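Bear in mind that the values in this text are calculations on the coordinates, not laboratory data. Just so we're clear, the structure is a prediction, and the values are computed from it rather than from any experiment. Here the Cβ positions follow ideal geometry from the backbone for every residue, glycine too, while neighbour counts run over all protein chains shown.
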Amino acid sequence: MDKHKAFKTALHEKDGIDQPESVSRTAIEHVTQLRKKQPSADELVARILKGDKTALSRAITLVESTNPAHLEKANDVIAQCLPHADKSVRIGITGVPGVGKSTFIEAFGKHLTSLGRKVAVLAVDPSSSLSHGSILGDKTRMEELVKDANAYIRPSASGETLGGVARKTREAIILCEACGFDTIVIETVGVGQSETAVHSMVDFFLLLQIAGAGDELQGIKRGIMEMADLIVINKADGDNIKSARLAKTEFNRALHLFPAKSSGWQPTVTTCSAISHEGIAEVWQTINKYFELVKGNEFFGLRRSEQNSYWLTETINEQLLGRFYHDPAIAGLLEQSKKAVQDNAVSPFAAAKVLLEKYFRL
């Protein structure tokens, strides 16, 4: 008999205890059933008017949906919320990537909630032009503000919208106002494109900038400078304080070269540190001075009326485009026209004329 075969080693595995499942199947089924049960438009509105953030998130998701079946329900929710909206101040915040928008908004938002205000942040994240995906990481970056009971953060993908404003941001503002938020902050992508979209839906336009990044006046386009009601030089702390003060002086000189605003407001420049919260209170004080002025001279109401008119035409344009591209009769002809244009068999203008004529004959 082989001595090695007869020897029984102590290094052998014994039968253990089966590990329990990490997630309860009962809980999974319960959550699945809740998600399948979609509340009606009336139920959503009733909960939104009571300040229910979950219902607010559901309604915004419904509004942002590209599913045609959701359009009617979304419109119903918006229509019912509209009489309860228009009772907030809307602040747009933009700036080049790396300027510290998320950090500033968190510090700014915490300051406002400490004053008893209810703050909704509609943060627009850039979408990939290749995968069309978006990180939507603002809730992670604003980890303190997201836990605040008087704050709500909603990240949305920018999609293909110019200037980084989500297609349905306008409707999201209405829903947030109906939910009781009195201060709406819209954070844009800030990639140097036209910011006309966000400017057309806010009452106050704040431009964040940093010092020490080269020629300060080359750091931002004139068009955005002209739209800004306040320029804030962020990261004015540590060794950067001196350069921030210098940038403030240069921007102040530049602002005086621009035409006077129809609001009667003279834009100003200030510095702050979102990390240490230095200058955050002063930013809010400046914004309050602006609102005192424009509400006193009736520019505030006039501006809101102009915005409503602008968004009427934008909505018409959007729905016309949507119906055109989703029309079954156009879809096949569109692909044929693309192929013909690529092969230089027909000009893009002639192909477009044929497509539009067919669409309007339908």
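Key figures
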quantity: Exceeding the 18 Å Cα-Cα cut-off - candidates Lys87/Lys147; Lys37/Lys73; Lys261/Lys295; Lys37/Lys147; Lys110/Lys147; calculated: Lys87/Lys147; Lys37/Lys147
quantity: Ser57-Ala345 FRET efficiency (beta carbon distance; Förster radius 41 Å; 0.05 resolution); calculated: 0.25
quantity: At q = 0.21, 0.23, 0.28 Å⁻¹, base-10 log of I(q)/I(0) for the stretch 36-80 (Debye sum, equal scatterers on each alpha carbon); calculated: -0.61, -0.73, -1.06
quantity: Whole-number Å³ per residue for the convex hull built on Cα positions in the stretch 258-362; calculated: 229 Å³
quantity: Full-extension gain in nm, Tyr325 to Glu357, via 0.36 nm per residue minus C-alpha separation; calculated: 10.1 nm
